[in-house]
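Have a look at the structure below, then the notes.
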Amino acid sequence: MKELTKKLWPIIRILIIPYIILMFLLVYRIDYLIYAPGGITEVESVIDIDYEVEEIKGSISSTYIISFKRPTFFQFVINDFSKYNEVIILPEYYRHYTDQENREISYLQKMTSVDAAVIVAYQLASEDNDDIIFEESATYHVVLVTGKAEDLSNYDSVGLGDEFISMIGESDELVTDINDLTDFMIEGNSYTFNFKNEEALYQVDLTTEDIEDRALILTEYLLVNEDEINPKFTENDSNIGGPSGGLLQTLSIYNNLIQEDITHGLKIAGTGTIRYDGSVGYIGGVKQKIATAYINKVDLFFIPAIDERYSSHNYIEALAACEEFGIDPEGWLIPVATIQEAIDYLEGIE
Amino acid sequence: MKAYFKSWKVLNKELGMTDLLDALFASLFYSLLILTPTILIFGQIISMYYYLLNLWVVLIMLVSVGISMLQLLMWKKTILIKKKDISVNINQLFSKLLITYSVVILVVGLLFIFVFIPMMQI
């Protein structure tokens, strides 16, 4: 060791400071968010439906991008060399989340998105196919913790994705409806909340301000009771999270539940969340998703149609991205406001 | 193959196990100093340019062979500093080792390109 160090010492002396600077650039993280193109995932490989249909000639894929919360200086610099990547300042409400919490949020969004896709697809398919059994009892309501602000009291005691059960209100009432919580609270007081995680029920004391200021974000979801539906489905493990695959997941599940193949042999991709009423919701990272679809040579791409409730529109962003990458959007970029519009479009293809 | 292992035995006898291992660990230590930022650089480039993954795997294979070469060179240099008059043909000995390293790197790289990456893209 000594001999080699002695021999290399002149080089080490010159390189030691650049080496430390390089390592700093490679490990120090800054408060930005980078979006980069990812890939496409065939929904069938993630959600397996136990039902025999005629051969599906094409494919339906969701599009994922890679989002980097708090990249290193090095990533920030090399990001500039790509025409596909985009960098924004990390939103304030995201900054305090650890990587693990970000993963939990992403997994939660995907899990609830798949259930929404199953609900919508089974309901639609049951109208056309008598084999599909999907009754209202096949779903149940849950209220899940989907976000926590940095100033939430007892921050570490509440887990992301845990189920809210009830709150013991001012006069010891058991409040289960999240819309009624503040009606049973007095400013400045703290109350016992009952939550449930995978292991057990637990209690946490939270203040009125936590709820009024939305320091604890609770969201209502409909989940699927798998025992009550026919045919059964299996969700395979995948390291891709987020809710933006909802539209394409719904489309693929629907295609696996009806006899006619709506893909017509096409490589179909797209993006957009799915709501329980079948409407399509907005997503982020449109430019990178268009780039991903372009790189993966998909035949058509579904995008949420213009929704006047928002100020900036996915479809407009997608058109701009198409222009930038030299893609002809005619017949390739298809705006849809509901899952039914996507199905109608595919059924209309000759 | 027999001759190859015999050469290692002769080298071990001439230099001693302690010095041989000291030279190996010295070369591994300095190789790790190069390898650490290399891994970080590639990891971060891949994350930003994921759609060029196959290209990065090929580059990683080339860089891995380069670092292996450097490690073996440093190992050889340290051995020669420790004992100049070695009867074994050390160049030949290390060239064979480099070929073995390169074949392993090539096989692992090809496995990634043709098996693991397509499997990951579900």
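The values are calculated or read from the model by the stated rules, or taken from the named source; none is laboratory data. Remember, predicted model here, so these are calculated numbers, not experimental data. Here the Cβ positions follow ideal geometry from the backbone for every residue, glycine too, while neighbour counts run over all protein chains shown.
Observations on the model:
- Residue list for the stretch A:250-287, restricted to those being under 23 Å from A:Glu104 (Cβ atoms) and within 14 Å of another protein chain (Cβ to nearest Cβ): A:Gly285
- Total residues in the stretch A:85-107 satisfying the condition of being within 14 Å of chain B (Cβ to nearest Cβ) and modelled with pLDDT of 90 or more: the figure is 3.
- Residue match in the stretch B:41-53 (condition: touching a residue at least 24 places away in the same chain (Cβ under 8 Å), surrounded by fewer than 17 Cβ atoms within 10 Å (Cβ to Cβ), at the interface with chain A (Cβ under 10 Å from one of its Cβ atoms) and on the phi < 0 side of the Ramachandran plot): yes
- Long-range neighbours under 9 Å by Cβ, at least six apart or interchain, first residue among the charged types (D, E, K, R) within the stretch A:83-98, second buried (at least 16 other Cβ atoms within 10 Å of the Cβ) and assigned to a loop (DSSP other than H, G, I, E, B): A:Glu86/A:Gly285; A:Arg95/A:Arg70
- Residue match in the stretch B:69-87 (condition: more than 14 Å from chain A (Cβ to nearest Cβ), touching a Leu at 6+ places or on another chain (Cβ under 7 Å) and crowded, with 17+ Cβ neighbours inside 10 Å): no
- Test result for A:Gly159, of a type in the set (Gly, Ala, Ser), surrounded by fewer than 21 Cβ atoms within 10 Å (Cβ to Cβ), modelled with pLDDT of 90 or more and touching a Ser or Thr at 6+ places or on another chain (Cβ under 9 Å): no
- Taking the stretch B:3-37 as the range and being closer than 17 Å to B:Met69 by Cβ, facing another protein chain (nearest Cβ under 10 Å) and surrounded by 18 or more Cβ atoms within 10 Å (Cβ to Cβ) as the test, the residues that pass are B:Ala23, B:Ala26, B:Ser27, B:Tyr30.
- Failed item in (1) under 30 Å from A:Gln259 (Cα atoms); (2) hydroxyl-bearing (Ser, Thr, Tyr); (3) without any contact (Cβ under 8 Å) to a residue 12 or more places away in the chain, with A:Tyr122 passing the rest: (3)
- Complete set of residues in the stretch A:301-313 that are at pLDDT below 95 and either under 24 Å from A:Ser59 (Cα atoms) or small (Gly, Ala, Ser) (or both): A:Ser311, A:Ser312
- Taking the criterion of being in contact with a helix residue (DSSP H, G or I) (Cβ under 7 Å, 6 or more places away or on another chain), at pLDDT 90 or above and away from chain B (no Cβ under 11 Å), the only residue of the stretch A:50-61 that qualifies is A:Ile60.
- Lone unmet requirement of (1) assigned to a helix (DSSP H, G or I); (2) not hydroxyl-bearing (Ser, Thr, Tyr); (3) not assigned by TED's automatic domain parsing to the domain that holds A:Gly278 for A:Val118: (3)
- Among the residues of the stretch A:149-197, those that are closer than 30 Å to A:Glu92 by Cβ and of a type in the set (Asp, Glu) comprise A:Glu150, A:Asp151, A:Asp156, A:Asp162, A:Glu163, A:Asp177, A:Asp180, A:Asp183, A:Glu187.
- Within the set A:Ile47, A:Ile66, A:Ile89, the sole residue that is over 18 Å from A:Ala321 (Cβ atoms), surrounded by 19 or more Cβ atoms within 10 Å (Cβ to Cβ) and assigned by TED's automatic domain parsing to the domain that holds A:Glu260 turns out to be A:Ile47.
- Answer residue from the stretch A:108-125, given it is of a type outside the set (A, V, I, L, M, F, W, C) and in contact with a strand residue (DSSP E or B) (Cβ under 7 Å, 6 or more places away or on another chain) and is nearest to the other protein chains (Cβ to nearest Cβ) among those: A:Ser113
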